[in-house]
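Data first, discussion second: the structure below is written as structure tokens.
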Amino acid sequence: MEQSLIVKKGETIIFSSHGKWLYPLFELEDFLATNNVPVGELSLQDKIAGKAAAFLIVRLGFKNVHILLASEGAAEVFKRFGVHFSADKLVHRIQCKTEEIVQGNEPPDDVWQMLRRRAGRVSGVPVSISGLSYRIGKRQLLSKLDLFVNKGEHIFIKGQNGVGKTTLLKLILGLEKTVEGKIVVGDYRVGTKAWNKMRYITGYVQQESVKNNFPVTAREVVEIGLAAQKKSKLEMEHRTEISMRRTGCWHLADHSYHDLSGGEKQRVNIARCLCQQAKVLLFDEPTSYLDPAAKEELYEMLNELWANEAPTVIIVSHDDSWIDRFNWPVYELKNGSLCLNS
Amino acid sequence: MLELLTYPPVLRGFVVLMLSGITFPITGVYLLRMNLLPLRFMLMHGALLGGAIALAFQINPFWTTMAVNLILVWFMIRAARGLKADAGFISIFIMVAAIGLAFVFISLFDVQAKDTMGLLWGSIFTIDNKLAVGFAAIALLIVGFHFFRYRQLKAVFFDPVIAHSSGVNEKAIYNVVVLLTALTVAVAMKIIGALLIDAVIILPALIATLHAKSFKGVVAWASIWGGLFAFAGFFVSYWARIPASSAIALIATFVFIGIYFGKKIKK
């Protein structure tokens, strides 16, 4: 079968793929990450490249690229990022949906994120809320609220105290009963029997507050993520270790959870969500009790999460300076409904 | 001293005491963690109500007490959920209602209050074979539930909201825990009496939380301490000619004080 993508080190082919669309480039991304290959010495040859492929190649760091059939849009992207590029044939545009979607002037990370979603390479699932109303006593907290968060998308929800931010998260978790409206997480409508069996796909990280001092180790907290899943002891241990290593808290495994700092506790809680393989992560005021250094750690960890597993993330926060550090959409909850702020 | 154990009632009492000592502190851990300490008082008053009913109608006091306490616990769970109120708060209300009702029975059926109060004192030597089998069954139930639902219990005890988001049916686990605890408290009254019940159920768990770092450690140590107190309490009671329940309570208290101050000095 004819190779569509070839990567050479000198004259030696170190990677090839005959996959279709952008999948060979995603395979290459995995290959480079797994084998820790420096991209500077490599050259890449692709069969067809439009703007989307050009962005992915740029993001991978290639400086020497030959394309058999390239679009003018792809050529512009390569030029913009200083990639040495040659093509057998240059056409105005290639027949592909992504050629229409990608403008050409976006940051490569944004394009990469969008393409990952289209390629189904994100662990997140969509969250869809429609016509959601909720009242406590006579007080209407949420009123015909609509929200759609795409798979792998990350958003902030802010708003003043008592407007119903935490209630909204609790409704998504199914902790509060939805009387009017509909919440769908992935393929499951919240509150149904099918969702009940799969509700571990939504992970929850509360604000750091000491509710009890009952003895529990960091490892035990992470294992809670698997409490409702039938797993062998070996698999549980393996997944706990992997999750704790991923969030950099494996060395704290046997420490008492209550002796950890606010930042370390957040690491442990995110590890718990990774361990349960949550597809949607809900954070409720995650920086409330964190010092600046711990906030910075959390910022880095969330960015890393975004770059790797890419779960769908909804963060409720009123920490404006921290929110501003992310380039994520910010919604404001006001008068029972959400409006996009930025 | 071991020749004591050649007498069947003593041997039976010893075995039941050891079984209870090792397994009942597991529910003590649940009581402590779920902040259900007022539940014991409700069950003690439930025992008085059960006793009054049993004496009024001339029926078995042990099983009547057990049934009354299970009904009270069921009512407490329903009321706490329905009113979205703290279970401890509801249990105080039920406790007062139970004792009020007990006095109604005592008054209406001319029951001797002294006989009812007698139910608050237990003795390991009054246990017959049937009751011993019942104890063994409850001990097995506690251990079985703990091992088969260990991961879910750990999640609920850490945080019911987190447990829910992990997929655990936290309400069901909570209900079973409360019912199991009620059952344990009700039967423990038979061997140690209502007023010293903490010595078998709560104190070993409390001591374990002073030094254990993990949930697993707390449960294991609570069982170890409970077993040691039961063993030591049995022989000390014979040696000092005091009731076994008092011996257990005093030994547990000395150990608690020792560990508490040991920790303070270490700090």
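The values are calculated or read from the model by the stated rules, or taken from the named source; none is laboratory data. These numbers come from a predicted model, not from an experiment. Cβ coordinates were reconstructed from backbone atoms using ideal geometry, including for glycine residues, and neighbour counts include every protein chain displayed. Side chains are part of the model used for accessible areas, which takes the heavy atoms of the whole protein and leaves out ligands, DNA and RNA. Shrake-Rupley method; radii C 1.70, N 1.55, O 1.52, S 1.80 Å.
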Any idea which of B:Ala205, B:Ala222 is within 14 Å of chain A (Cβ to nearest Cβ), over 26 Å from B:Arg81 (Cβ atoms), open to solvent by less than 10 Å² (accessible area, probe 1.4 Å) and in a helix (DSSP H, G or I)?
B:Ala222
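Please note which helices (runs of 4 or more DSSP H) are completely contained in the stretch A:142-225 and include at least 2 residues that are polar (S, T, N, Q) and more than 8 Å from chain B (Cβ to nearest Cβ).
Because the criterion is at least 2 residues that are polar (S, T, N, Q) and more than 8 Å from chain B (Cβ to nearest Cβ), the helices (runs of 4 or more DSSP H) in the stretch A:142-225 that meet it are A:165-173.
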Could you tell me whether the stretch B:150-168 includes any residue that is within 14 Å of chain A (Cβ to nearest Cβ), under 22 Å from B:Ala87 (Cβ atoms), basic (Lys, Arg) and surrounded by fewer than 19 Cβ atoms within 10 Å (Cβ to Cβ)?
no
In the set A:Val127, A:Val111, A:Val91, the lone residue that is in contact with a Ser or Thr (Cβ under 7 Å, 6 or more places away or on another chain) and within 30 Å of A:Ile172 (Cβ to Cβ) is A:Val127
Quick one: which strands (runs of 3 or more DSSP E) lie wholly within the stretch A:1-96 and hold at least 3 residues that are of a type in the set (S, T, N, Q)?
A:12-17
If I filter the stretch B:241-261 for residues that are under 21 Å from the mean Cα position of the chain (by Cα), within 14 Å of chain A (Cβ to nearest Cβ), part of a helix (DSSP H, G or I) and surrounded by fewer than 16 Cβ atoms within 10 Å (Cβ to Cβ), do I get at least one hit?
no
Please indicate, with yes or no, whether at least one residue in the stretch A:233-244 is touching an Asp or Glu at 6+ places or on another chain (Cβ under 7 Å), away from chain B (no Cβ under 11 Å), farther than 30 Å from A:Gly131 by Cβ and at pLDDT 90 or above.
yes
When restricted to A:Val313, A:Val268, the only residue among the aliphatic types (A, V, I, L, M) and farther than 30 Å from A:Pro215 by Cβ is A:Val313
Tell me whether the stretch A:66-73 contains one or more residues that are over 16 Å from A:Ile6 (Cβ atoms) and among the acidic types (Asp, Glu).
yes
So A:Gly152 clears everything in (1) surrounded by 18 or more Cβ atoms within 10 Å (Cβ to Cβ); (2) at negative phi except one condition, right? Which one?
(2)
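On the given criteria, is A:Leu115 within 30 Å of A:Cys339 (Cβ to Cβ) and within 28 Å of the chain's Cα centre (by Cα)?
Values: within 30 Å of A:Cys339 (Cβ to Cβ): yes; within 28 Å of the chain's Cα centre (by Cα): yes.
So A:Leu115 fits the description; yes.
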Pair list, Cβ under 6 Å, 6 or more apart: the stretch A:249-260 residue within 11 Å of chain B (Cβ to nearest Cβ), other residue surrounded by fewer than 16 Cβ atoms within 10 Å (Cβ to Cβ)
A:His258/A:Asn213
So is A:Ser232 surrounded by fewer than 21 Cβ atoms within 10 Å (Cβ to Cβ) and without any contact (Cβ under 8 Å) to a residue 12 or more places away in the chain or not?
yes
Just checking, how many residues over the stretch A:295-340 are part of a helix (DSSP H, G or I), of a type in the set (Gly, Ala, Ser) and at pLDDT 85 or above?
1
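For the stretch B:116-141, enumerate the residues that are more than 11 Å from B:Leu48 (Cβ to Cβ), in a helix (DSSP H, G or I), open to solvent by 60 Å² or more (accessible area, probe 1.4 Å) and at pLDDT below 80.
B:Phe125, B:Thr126
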